[in-house]
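Colleague: Submitted below is the structure of interest, expressed as C-alpha cells.
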Amino acid sequence: MLTEDYDRANAVADRLINHPRISKWLKNGVVEQSCIAADEQPGVFWKARPDLLTTGRILLDIKTVAKSSDRFIRNRIADGGWYIQAPWYCDVIKRIDGEMPEAFYWVCIEQKEPHAIRIIEPLSTTMDAGGRAGEKAKAMFREAARLNAWGAYDDVIEQLGLPDHAHYRLE
C-alpha cells in the first residue's frame with residue numbers, strides 16, 4: 001500500500017470516528033457482521049454484510065465517493081446498485097429476527113480532503129424500486145437452484161480483442 005493511500009484511509013477513518021452522530025453509532029453496534037437468512041425455498045439462503053448494525057437496529061452502509069453532490073450520489077445509487085442493496089439488507093435482517101431495521105443510511109464520505117460526510121436515507125420510492133429489482137434477482141436464483149442450471153458460459157474457447165473505440169485511439 002502506498003503511503004498516501006494509507007494516510008488517506010486513516011484520515012477517512014478519523015473523520016468517521018470523530019463525527020458526532022457516527023461515533024455514537026460505532027460505539028453501539030457490530031461492524032461487518034455477516035447475516036445469513038433462509039429463504040422460503042429449502043436450501044436457498046440470502047446474505048447481507050452491513051458495514052454497521054447498531055443495537056438500535058440502524059443499518060449503515062459506508063461509501064467513499066469522489067463527490068458528495070446530490071447529482072453524483074444519485075448516479076451512484078442507480079449505477080452502483082445501492083438502491084438494490086439497501087432493501088436487500090433490510091430484508092435479510094427482517095428474515096432473521098422478524099422485524100425491519102429501524103433505519104437504513106448511506107454514509108457517504110469524500111475521498112479527498114476535507115473528507116466531507118453526508119448521511120443519506122433512501123427515499124421510500126428508491127427502496128421500493130430496489131426491492132422489486134432484488135425480488136427479480138431472487139426469483140432468478142431460486143429457479144436456477146431448483147433446476148440446477150446456472151447459465152454459465154459454455155465450455156468452449158472463444159476469442160476476444162480490443163473494443164472498437166480502442167482501435168481508434170491507437171491509430
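The values are calculated or read from the model by the stated rules, or taken from the named source; none is laboratory data. Just so it is clear, the model here is predicted, and its values are computed rather than measured. Counting neighbours? That spans all protein chains shown, and the Cβs are built from the backbone with ideal geometry, glycine included. Please note that ligands, DNA and RNA were not included when accessible areas were found on the heavy atoms of the full protein model with its side chains. Shrake-Rupley method; radii C 1.70, N 1.55, O 1.52, S 1.80 Å.
Colleague: Taking a probe of 1.4 angstrom, what is the accessible area of V156 in Å², to the nearest 10?
Modeller: For V156, solvent-accessible area is about 90 Å².
Colleague: In deg cm²/dmol, rounded to 500, what helix-only [θ] at 222 nm does the chain give when every DSSP H run of at least 4 residues adds -39500 (n - 2.57) and the total is split over its residues? List each step's numbers first, then the result.
Modeller: Working: 6 runs with 81 residues, N = 171.
Mean residue ellipticity, 222 nm, calculated: -15000 deg cm²/dmol.
Colleague: Taking the Cα centre of each part, how many Å lie between region 19-80 and region 90-138?
Modeller: Here the answer is 6 Å between Cα centres.
Colleague: Give the long-range amide H neighbours of G80: residues separated by 5 or more places, or on another chain, with amide H under 5 Å away, using H modelled in the peptide plane at 1.01 Å from N.
Modeller: For G80, whose amide H was placed from the backbone, there are no distant partners under 5 Å.
Colleague: If you take volume of the Cα convex hull per residue in Å³ from the coordinates, which of (i) 111; (ii) 121; (iii) 200 do you get?
Modeller: Step by step, volume of the Cα convex hull per residue in Å³ for this structure corresponds to label (iii).
Colleague: Charges only on Cβ, +1 for Lys and Arg, -1 for Asp and Glu: so what's the dipole of region 89-171 about the Cα centre, in debye to the nearest 20? Let's see the in-between values first.
Modeller: Details: 10 positive and 15 negative charges, 46 e Å.
The dipole magnitude comes to about 220 debye.
Colleague: Ignoring ligands, DNA and RNA, what percent of the 1.4 Å accessible area of region 1-77 is carbon and sulfur? Display every interim value, and only then the final one.
Modeller: Details: 2590 of 5060 Å².
Carbon and sulfur together cover 51 percent of it.
Colleague: Once you've got the GNM for the chain with C-alpha springs shorter than 10 Å, pick whichever of Q159, Q111, Q41 has the biggest mean-square fluctuation.
Modeller: Fluctuation is largest for Q159.
Colleague: Continuing with this model, one more query. Of the accessible area of region 90-171, with the probe set at 1.4 angstrom, what percent is carbon plus sulfur? Let's see the in-between values first.
Modeller: Numbers: 3330 of 6320 Å².
C and S atoms contribute 53 percent here.
Colleague: Now, a different point. Keeping all protein chains in place, calculate the accessible area per residue for region 61-109 (probe 1.4 angstrom), answer in Å².
Modeller: Working: 2510 Å² over 49 residues.
It amounts to 51 Å² per residue over region 61-109.
Colleague: Still on this structure, I have one more. From the cross-link list K27/K47; K24/K112; K24/K67; K47/K94, which pairs have alpha carbons spaced over 22 Å apart? Could you put the intermediate results ahead of the total?
Modeller: Numbers: K27/K47 24 Å; K24/K112 24 Å; K24/K67 25 Å; K47/K94 12 Å.
Pairs exceeding the cut-off: K27/K47; K24/K112; K24/K67.
Colleague: Starting from the 7 Å offset along Cα-to-Cβ, what nm value, one decimal, do you get for the label separation of R142 and M100?
Modeller: 2.0
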